[in-house]
């Protein structure tokens, strides 16, 4: 189905995605084996269901599930999650949300040579109150001027409750990627701001504020139906909250490129929380007040309501870490292969009441001279797991491969387990050449 998308700020998103995993085709390369990651776990001695295996390797997404897991672990409760819920008196407590409000900011961006400006939102990642410094995460398209095709040179930030000119903050662009629709801004306490009423420094505003850095959650833990809150700057009317649920935990959507040159595919969370122009760059928070996504788009197809999108925070933070490590640009490790989801299925864990999607991800083709081919990865191999710097990721969803590749740096070694002919094979990928990395525009 062709989906009509727009950025939640009212402009198109990003430049075309480069071929992160793209490569040359090898024609008809036969059929992959029948293995899923769970099947390998069974062969290595795991005795539970696929649902319980996925539940054990996936963090809980809600406060109440965490409470249940802790109660089961310490022996104070022995029933299922549903039985635990029935024993609780669940009220509508917005205490977590109150803190989240203080981590969202309004952003106005424009070129000094222009009389027009655009508005969006951002989320505070870190704050040094003593110095008056802050880091703010937002969308690339919030700070990008599509006319000049440059980052706006005047970026103004307003904290929650201080959305007047005399309390404005001046921000600078640290780095980002249009292809990822992620930008990082810096607020320096020493920077002077001249408003219509007074002259002040950023530090004077930050030190006196109640601003808080966001608590970072785990988007991979989200389940369909989990309650979420979109906090942003809809229609540039100031910070506001919209409640909804997770409609789809992860999907790829197609959006127009920011310069009109084509289209881009992005991994997104879908929510029915109301998303309007100006929500771009704002946060999607779970019921514990943890940041689980960066709102960046909505559907504008005729007859379609209540479909908004957010970049999963696991992906967004991997982009932030990458651009910090590479001087403000994103350099993505490139395996040099094309992968596809050959099959997928659902799995249910009765104890925790969680439903998962498990994908069978296969290598479709490999590029001559690529890091993957040099390591021995072959077409029709099935991805099982990847280990980088001691952290193992089970390859149960295709986007997990790209997320982990964002964490790879020059000189790193990636251990990859694949199956070939229904047998696991462990291969070592060494990222020791510049050609194994590509800059994300």
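Table for the structure above
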| read-out | value |
| --- | --- |
| Highest average packing first - 108-116, 336-344, Cβ atoms within 10 Å | 336-344, 108-116 |
| Nitroxide proxy distance, nm - points 7 Å out along Cα→Cβ at residue 98 and residue 111 | 4.5 |
| The chain - mean residue ellipticity at 222 nm from DSSP helices (-39,500 (n - 2.57) per run, n ≥ 4, rounded to 500) | -4500 deg cm²/dmol |
| Read-out percent of Cα pairs over 40 Å apart, derived from the coordinates shown; its label in [x] 25; [y] 21; [z] 40 | [y] |
| For the stretch 215-275 and the stretch 46-105, distance of Cα centres in Å | 23 |
| Percent of beta bridges antiparallel (DSSP, the stretch 204-360, rounded to nearest 5) | 95 |
| Folded to 0 to 90 degrees: helix 313-325 orientation relative to the chain principal axis, Cα | 80 |
| Where a label projected 7 Å from the Cα of residue 300 along Cα→Cβ would reach, residues of the stretch 228-242 with amide N under 18 Å | 233-237 |
| Whole-Å distance, taken between Cα centres, linking the stretch 125-167 and the stretch 388-441 | 34 |
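FYI, it's all coordinate maths here, none of it is from the lab. Not measured: the values here are computed from a predicted model. Note that each Cβ is placed from the backbone with ideal geometry, even for glycine, and that neighbours are counted across all protein chains shown.
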